[in-house]
Amino acid sequence: MFQHLQQYAGDPIFGLNDAFHRNTHPQKINLTIGLYYDENGRIPVLPSVAAVQKELADDPSPRVYLPMEGLASYRSAVQRVVFGADSRVVAEGKVATIQTLGGTGALKVGADLLHDAYPLAGVWISDPAWDNHHAIFGGAGITTHSYPYYDPDTKGLAFDAMMNCLNELPARSIVLLHPCCHNPTGVDPTPEQWQQIIAVMLERGLIPFLDLAYQGMGEGMEEDAYAVRAMADAGLSFLVANSFSKNLSVYGERCGGLSVVCASADEAELVLGQLKAVVRRIYSSAPWHGGHVVAGVLNDPQRHAQWLTEVEAMRRRMAQVRKAVHEMLAAKLPGYDADYFLQQKGMFTYSGLSREQLVALRERHGVYIIDSGRIAVPGLNNANLEHFTDALVDVLER
Ligand code: PMP
């Protein structure tokens with residue numbers, strides 16, 4: 001019955017991960033996967049999260065279905081974290097927020113809502129992209145396009161080319177933007193550049209869709225939400241998909257949120273109803289356990305404060321790793337410009353290494369980086385930095 005279907009190629013990142021596990025190099029390093037690892041190479045269970053999980057394990061209350069929009073205390077926590085505790089749009093009731101199945105679920109629900117509301121609208125996605133953006137929006141029946149984002153010459157933002165493209169878009173086009181820690185490049189617009197992006201959104205009547213998957217991993221919890229808050233202040237209507245997978249280290253709990261900022265409280269009410277309808281037809285409701293874990297951390301002032309320190313520790317560690325790589329490369333290969341390690345932010349760095357160099361890294365040194373040259377920074381730690389930089393120098397010198 002299904003023989004006519006094409007083989008699913010799988011995710012290339014997972015394929016490479018399998019190859020890493022088969023590799024017998026004694027100092028092999030896995031820099032493929034977008035997970036946060038601590039200094040000991042372990043995925044952390046944050047103490048703030050563990051405390052709530054323990055309480056929940058002892059809680060005998062039945063695991064009922066959550067409402068379609070999710071847990072109320074979770075939804076208000078999303079609004080405080082994403083929009084800020086003193087957000088005007090939130091206070092005015094202009095934001096419709098639901099609990100979602102991770103950031104991916106938020107993108108899917110948002111894409112379905114947009115396709116219902118604007119069936120002819122296309123979406124513009126950064127080049128290079130997190131590949132799933134194309135898959136999610138394409139899967140929702142929305143035509144996907146790319147806008148220029150990364151400049152290989154500067155290893156920075158191709159801002160003029162990006163703006164030229166946005167300036168040509170038809171009204172009501174959807175523009176997918178990463179407020180911080182762009183995946184895969186680690187390259188983010190500055191606040192001044194965000195202001196120019198916002199001006200184009202307003203001028204051309206575009207629909208910004210912000211994908212906030214790494215809040216707190218770049219500059220700080222508040223700083224990383226700059227674009228969200230600036231758009232709200234500018235009076236734009238827009239969507240934000242946020243994920244707690246990384247900043248609470250709760251990947252498999254599937255915890256995210258979708259917020260739609262509307263022109264009025266009445267419109268937000270209408271949108272909330274439509275969001276519930278979309279959720280109902282695809283998965284009915286979000287997870288009880290994940291919802292209570294996140295709400296339990298974010299709504300308790302002490303745990304919330306503890307969580308902020310835990311995120312800060314993750315962020316600091318990645319910044320230290322970037323600094324250490326930069327210093328080591330400066331000493332080992334003085335002619336090589338490794339500034340991008342310092343300038344790019346968050347979990348990823350776009351190295352610009354060639355295919356041959358990446359293959360040599362794997363085969364000669366057991367260092368695994370995906371084919372785009374995207375390095376997952378948290379895979380580096382004090383124990384493997386020397387080997388990593390030696391390997392890099394070897395392939396760069398060839
Ligand atoms: N957007 C981006 C840019 C991501 O990198 C990721 C996670 N890799 C997601 C969304 C999805 O987040 P989640 O794992 O919470 O579904």
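Values quoted throughout were computed directly from the atomic coordinates according to the rules given, and no laboratory measurement underlies them. Predicted, not measured: the structure shown is a model, and the values here were computed from it. No Cβ is skipped: glycine too gets one built from the backbone with ideal geometry, and neighbour counts run over all protein chains shown.
Look at the alpha carbon pairs under 8 Å that are at least 6 residues apart: their mean separation over the length of the range 63-299 gives a relative contact order of 32 percent. Whole-Hz Karplus values for the range 163-173 come out as 5, 4, 5, 4, 5, 9, 6, x, 3, 6, 7 Hz, taken residue by residue from phi with 6.51 cos²θ - 1.76 cosθ + 1.60 and θ = phi - 60°; glycine and proline positions read x. Between Q320 and D127, the distance separating the two model label sites (each 7 Å from Cα on the Cα→Cβ line) works out to 4.0 nm. Sequence-ordered 3J(HN,Hα) estimates for the range 205-221 from the Karplus curve with 6.51, -1.76 and 1.60 and θ = phi - 60° stand at x, 8, 10, x, 10, 8, 10, 9, 9, 9, 4, x, 8, x, 10, x, 4 Hz, glycine and proline given as x.
Spin-label pair D58-A9: with each label point 7 Å from Cα along the Cα-Cβ axis, the two points sit 5.1 nm from one another.
Binning all Cα-Cα separations of the chain at 10 Å, short to long from zero, yields these whole-percent fractions: 5, 22, 31, 26, 13, 3, 0. Taking the chain as the region of interest, the number of lysine pairs whose Cα atoms are within less than 30 Å, with members eight or more places apart or on different chains, is 22. Remark on the range 63-299: Rg and Dmax equal 16.5, 54 Å (Cα only). Spin-label model, E222 to E267: label points 7 Å out along the Cα-to-beta-carbon direction sit 2.8 nm apart. Relative intensity of the range 67-129 on a log10 scale, I(q)/I(0) at q = 0.12, 0.16, 0.21, 0.29 Å⁻¹, equals -0.40, -0.69, -1.00, -1.18, per a Debye sum over C-alpha point scatterers of equal strength in the absence of solvent. Taking the fewest neighbouring Cβ atoms within 10 Å as the starting point, the ordered list for K323, K108, K94 is K323, K94, K108. Amide hydrogen proximity for D38: with H placed 1.01 Å from N in the peptide plane, the residues at 5 or more positions away or on another chain lying under 5 Å are I43. A straight line joining the Cα centroids of the range 114-132 and the range 316-366 runs 32 Å. Past the 22 angstrom mark, what percentage of all C-alpha to C-alpha distances in the range 157-257 do you count? In whole percent, the share of Cα-Cα pairs in the range 157-257 beyond 22 Å is 28.
Contact order for the range 149-270, expressed relative to its length and based on alpha carbon pairs under 8 Å spaced 6+ residues apart, stands at 20 percent. Comparing L210, L46, L239 in a Gaussian network model of the chain where C-alpha atoms under 10 Å apart are linked, the largest mean-square fluctuation is found at L46.
When both the range 229-279 and the range 53-73 are represented by their alpha-carbon centers, they are found 21 Å apart. Based on Cα contacts under 8 Å between residues 6+ apart, the chain shows a relative contact order of 26 percent. When Rg and the Kirkwood Rh are both derived from Cα coordinates, the Rg/Rh ratio for the range 140-205 amounts to 0.95. For I207, the residues 5 or more places off, or on other chains, whose built amide H falls under 5 Å of its own are R172, S173, I174, V175. Eigenvalues of the alpha-carbon gyration tensor of the range 275-370, scaled by 5 and square-rooted, set the equivalent ellipsoid semi-axes at 40, 22, 11 angstrom, largest first. Taking the range 1-156 on its own, what percent of its Cα-Cα pair distances exceed 20 Å? Percentage above 20 Å: 74. Under the shape rule built on the C-alpha gyration tensor, where the axes satisfy a ≥ b ≥ c, the range 201-284 is oblate, since a/c reaches at least 1.5 while a/b does not exceed b/c.
Computed over the chain with a Gaussian network model linking Cα atoms closer than 10 Å, the most mobile of T97, T154, T32 is T154.
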